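Every number in this text was worked out from the coordinates using simple rules, so none of it is lab data. Computed from a predicted structure; not experimentally measured. Neighbour counts run over all protein chains shown; Cβ positions are idealised from the backbone, glycine included.
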Amino acid sequence: MYSRSSRYPLGTLSKVSFRFPNLSVPSRGFGSTGQILSLAISHKTSSGPVNATTFISKPPESSPLLPVKKGPVNFSHSIRTKPMHPRSPKDTGPAREVHIAVKVRNLCQAGKLDQAVEVCVGAPAALQGATAWNTIIHHALSEERYNYAYTLYQQMKRRHIVPTISTYTSFMSAYAHAKPKNLTAIQLERIHKLYKDWSNLAASARTENAINAITWVPPAAAYISVLGNAKLYQSIWDVFYDLETEGPLAPNQFVFTNMFVAFHKRTTTSTNTLDGATSEDAVSANDISANFDPNGIDTVAPTPSSDIKIQNAQDARLLWRLLLRALERCPFPVDSHLVVAALRALQHGGKPELDLALEIIDKYLNLRAPSAPAPSKTSKALKLNFRLLDVALSVCNAAKRPDLTRHFLDVLTAPEHPQRYLVNAGAMNHLIKTYISLGDTRQVIRTIDWMIREGALPGGLDVMPGGSSWSMALRGCLDAQDWSAAKTLTKRLASTVNSKRIIDPETIYLVLKITYVLKPPNKQLHERQLRQALDAVYYVVNLWPKNPNAMQPKYAEDNPVKAERRLVFRNALGDLVKKILNEFEGLKTIPGFNDLGYRLKELRTRVPADVSAQYEAYL
């Protein structure tokens, strides 16, 4: 009437099959003493026969019935078996497109580009996907084999493989960072053809997902970066005015950002610069030819750098007005990258450009003068970051608004301000520059003292004065002819020096130059001061690496501007020490100073004349 419950859960029994080939398995009812002699259990997913004795051993005939184990049984482990004939690892089945792509990628990463091309070209047509071709094109461009990469691109299209966004971004990125000698007329014509192909591909897309997949990097934004690298500023305007006013190819934040960056980096002007770039009205698109002339490279005319910076700012002001119009037609987010690029391009202009920059800071950064009226309508400001704060303070100094620089930093350094951590040594350098422009060396010393105290506190701000802070402060004392302030700063500098901090050549050069230039009336006093300064130079030079030139190539690769500046001031320090020792015979007789001169002579490095000329005003 009743049956004893099975020791296996119902869910487990539903997942296994019981096979009884030629087995006598009497049923076990209530009060029955029958025995299960043998049971073959196999998992439904098993691929081969399973030995029944693996799970339940046959009890001896003379032994009593084995007791049934109580409690739950992990049946899933007891039935897991390995197939009798496992699949060979070499049997990967027919080749697929992904296999070719992986093989090509591995060969390219191993530096075997030619072999990777052979694998890609020799594969069946059905397995030659865009991924493999994009890989070999990317690595060809990384090796600066631009002609070969374009040949691969043409071969890719002849095989009816549709280029993807990775194809075009690889070309654009490579040409945007290419050396000027590689940007020939032929290469520029090719990159223009690539830009047109990319735009046509985006225009041919029908679904929204396809359009987004092709234009998540706007073609015009990438192409403008290439034109900026090639110094084709007229062509940048041509491309911009040729864009659609609406749709996926309309100018957005990426296009405007790259245009601001190109104008900010411009160091040469052109004879055929767009006339409307500095006028109140934009030039009509009908007045600009959409045809690209590869031989029409802008002719560069020698122009003072100040005039070029003013022109850059004027172009940026026009571009900002065009940006506001584009926002009305087709809104897009104004992000921090766009604001930083615009402010950097505007900061070297005249009063109209600087006033516009201050308006942008007020509207998008929510930083304004204490007497300024509140904004008329509430607009969500951008989240302040290091780059935004740095460029905002630069604009304040360029606009000769020291009150704004002090006010912004006073607000941010308040203990309760949530973004207090953004104030670092770089931000405080702007305040030092502000006081130097006012000739207030006393405030310079107070600022340095505050930075030292705050930087030494546990959990304090990262404002400990660095090499640029000391150089800026000492140079301000030199310009103001303030020996007392310079002496005070030198004492502060000596109090912060330890074995972990090495004074850079520019700072110690300024210490020695101030001592040499600001002469007291008494010559003996002057010689005594120079001896103290030379002692400091001797101490600092001995802390420098024994062979700093051995590390110079790596440092120059990572920081090219800082590396050349360091070399210039290290050479200048050696020249100044030699000049002082030749002028003061009493100092020349001191053995340690002769060793100092010999050491600096060993460290001397040849610097091109044009590079040295750039720092002539700072020496």
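Before moving on, here are some points about what is shown:
- Taking residues in segment 411-429 that are free of Cβ contacts under 8 Å to residues at least 12 places away in the same chain and hydroxyl-bearing (Ser, Thr, Tyr), and partners anywhere that are part of a loop (DSSP other than H, G, I, E, B) and surrounded by fewer than 13 Cβ atoms within 10 Å (Cβ to Cβ), not one pair has Cβ atoms closer than 7 Å while being at least 6 places apart or on different chains.
- The criterion of at least 1 residues that are among the hydroxyl-bearing types (Ser, Thr, Tyr) is met by the following helices (runs of 4 or more DSSP H) wholly inside segment 112-181: 130-142, 146-158, 165-176.
- Unique residue being of a type in the set (D, E, K, R) and under 31 Å from the mean Cα position of the chain (by Cα) when the list is ARG442, ARG420: ARG420
- The residue pairs whose first member lies in segment 310-325 and is buried (at least 20 other Cβ atoms within 10 Å of the Cβ), whose second member is basic (Lys, Arg), and whose beta carbons are closer than 7 Å, counting only pairs six or more residues apart or on different chains, are ASN312/ARG266.
- Every listed requirement among (1) in a helix (DSSP H, G or I); (2) surrounded by fewer than 13 Cβ atoms within 10 Å (Cβ to Cβ); (3) not hydroxyl-bearing (Ser, Thr, Tyr) is met by GLU416 save one, (1).
- Any hit, segment 458-481, residues being more than 29 Å from the chain's Cα centre (by Cα), more than 12 Å from THR441 (Cβ to Cβ), surrounded by fewer than 19 Cβ atoms within 10 Å (Cβ to Cβ) and hydrophobic (A, V, I, L, M, F, W, C): no
- Scanning segment 378-407 for residues that are assigned to a loop (DSSP other than H, G, I, E, B) and touching a helix residue (DSSP H, G or I) at 6+ places or on another chain (Cβ under 7 Å) yields SER379, ALA381, LEU382, LEU384, ASN385, ALA399.
- For segment 324-355, residues that are in a helix (DSSP H, G or I) and within 25 Å of the chain's Cα centre (by Cα) total 11.
- Residues satisfying the stated conditions in segment 207-236, i.e. hydrophobic (A, V, I, L, M, F, W, C), assigned to a helix (DSSP H, G or I) and out of contact with any Gly (no Cβ under 8 Å at 6 or more places or on another chain): ALA210, ILE211, ALA213, ILE214, ALA220, ALA221, ALA222, ILE224, VAL226, LEU227
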